[in-house]
Amino acid sequence: MKRILFFALLLGSFNDLFPQKADRIRSREARQWFRSGVWAPQGLGMDIHPSVDFVEFKKQYQANKDVWDAAFKAIAGADKDLSTFTESGKREIVKDRCHMIVSEYKPKNAENIRLEGHQNFIDIQISTGTVLWGTSTVEDSKVIVPYDPATDNAFFRSSKVKVIKQKASKPYIFIFFPKNLHIPAYAKSHMLYEKPLKKVVVKIENVMNL
């Protein structure tokens with residue numbers, strides 16, 4: 001009986017290890033794909049933040065390459081001041097499938113923020129300035145405003161928010177997939193800005209939800 005129990009436990013441990021190994025292989029392959037730069041347009045001057053889910057990035061890009069290429073081409077000339085984006089407002093990149101919103105804003109204070117999540121669209125976000133970004137998961141968060149399909153938004157609170165600090169001298173490109181709850185660029189408590197910051201948001205259809 002003890003021997004049977006031993007082999008049962010051993011088999012169970014192997015069954016647990018196989019999915020973990022597969023996940024590690026997928027992650028390694030996705031990072032290699034990302035580093036190859038096959039997705040990046042010529043002239044993309046900003047780095048994508050390493051917090052991005054590269055496995056999901058590879059999957060979404062390969063399933064919808066033309067739209068992602070158009071999205072990256074639209075931000076290819078971005079610099080740390082987003083100076084090439086001179087007009088605020090929304091413009092279509094690929095009709096009904098990808099659009100860009102350029103805005104000026106004053107970051108919300110850390111006490112007045114909440115996580116947001118989307119289902120139908122993926123966010124590419126860039127902000128000027130010294131700001132914070134927050135990320136969490138659905139599992140670690142509580143819904144405070146249910147999902148509204150009209151706006152493709154739901155809002156959450158979480159005690160497990162990963163905070164990412166961005167310096168004005170080194171803004172990043174952030175990509176938030178539907179499973180990535182996020183707090184868009186916000187301010188430290190009581191931090192004041194002399195002038196509004198600039199933000200570019202590109203919305204790309206989530207083909208895994210079609």
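The values are calculated or read from the model by the stated rules, or taken from the named source; none is laboratory data. Every value quoted in this text rests on a predicted model; they were computed, and no experiment measured them. Here the Cβ positions follow ideal geometry from the backbone for every residue, glycine too, while neighbour counts run over all protein chains shown.
Values as computed for the structure displayed
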read-out: Verdict on ALA71 being among the hydrophobic types (A, V, I, L, M, F, W, C) and assigned to a helix (DSSP H, G or I); value: yes
read-out: Of the criteria (1) more than 16 Å from the chain's Cα centre (by Cα); (2) among the β-branched types (Val, Ile, Thr); (3) at pLDDT below 95, which one ILE144 fails; value: (3)
read-out: Answer from ALA30, ALA74 - the residue that is modelled with pLDDT of 95 or more and either in contact with an Asp or Glu (Cβ under 9 Å, 6 or more places away or on another chain) or basic (Lys, Arg) (or both); value: ALA30
read-out: Residue match in region 147-159 (condition: closer than 24 Å to TYR61 by Cβ, part of a loop (DSSP other than H, G, I, E, B) and in contact with a strand residue (DSSP E or B) (Cβ under 7 Å, 6 or more places away or on another chain)); value: yes
read-out: Top-ranked residue in region 103-125 [being of a type in the set (A, V, I, L, M, F, W, C) and either closer than 21 Å to PRO178 by Cα or touching a Pro at 6+ places or on another chain (Cβ under 9 Å) (or both); ranked as modelled with the lowest pLDDT]; value: ILE113
read-out: Output for region 183-210, where each listed residue is closer than 30 Å to ASP66 by Cβ, in a loop (DSSP other than H, G, I, E, B) and modelled with pLDDT under 95; value: LEU210
read-out: Number of positions in region 88-97 that are in a strand (DSSP E or B) and within 16 Å of PRO196 (Cβ to Cβ); value: 1
read-out: Condition check for LYS65: touching a helix residue (DSSP H, G or I) at 6+ places or on another chain (Cβ under 8 Å), within 18 Å of MET208 (Cβ to Cβ), basic (Lys, Arg) and surrounded by 12 or more Cβ atoms within 10 Å (Cβ to Cβ); value: no
read-out: Matching residues, region 156-197, being over 18 Å from the mean Cα position of the chain (by Cα) and surrounded by 18 or more Cβ atoms within 10 Å (Cβ to Cβ); value: ALA187, LEU197
read-out: Search result, residues across region 173-199 that are touching a strand residue (DSSP E or B) at 6+ places or on another chain (Cβ under 8 Å), over 26 Å from VAL55 (Cα atoms) and hydrophobic (A, V, I, L, M, F, W, C); value: ALA187, MET191, LEU197
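Listed here are the residues, each with its yes/no results for (1) in a loop (DSSP other than H, G, I, E, B); (2) crowded, with 18+ Cβ neighbours inside 10 Å; (3) of a type outside the set (Phe, Trp, Tyr); (4) in contact with a helix residue (DSSP H, G or I) (Cβ under 6 Å, 6 or more places away or on another chain).
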| position | (1), (2), (3), (4) |
| --- | --- |
| ALA78 | yes, yes, yes, no |
| ASP81 | yes, no, yes, no |
| THR86 | yes, no, yes, no |
| HIS99 | no, yes, yes, no |
| GLU111 | no, no, yes, no |
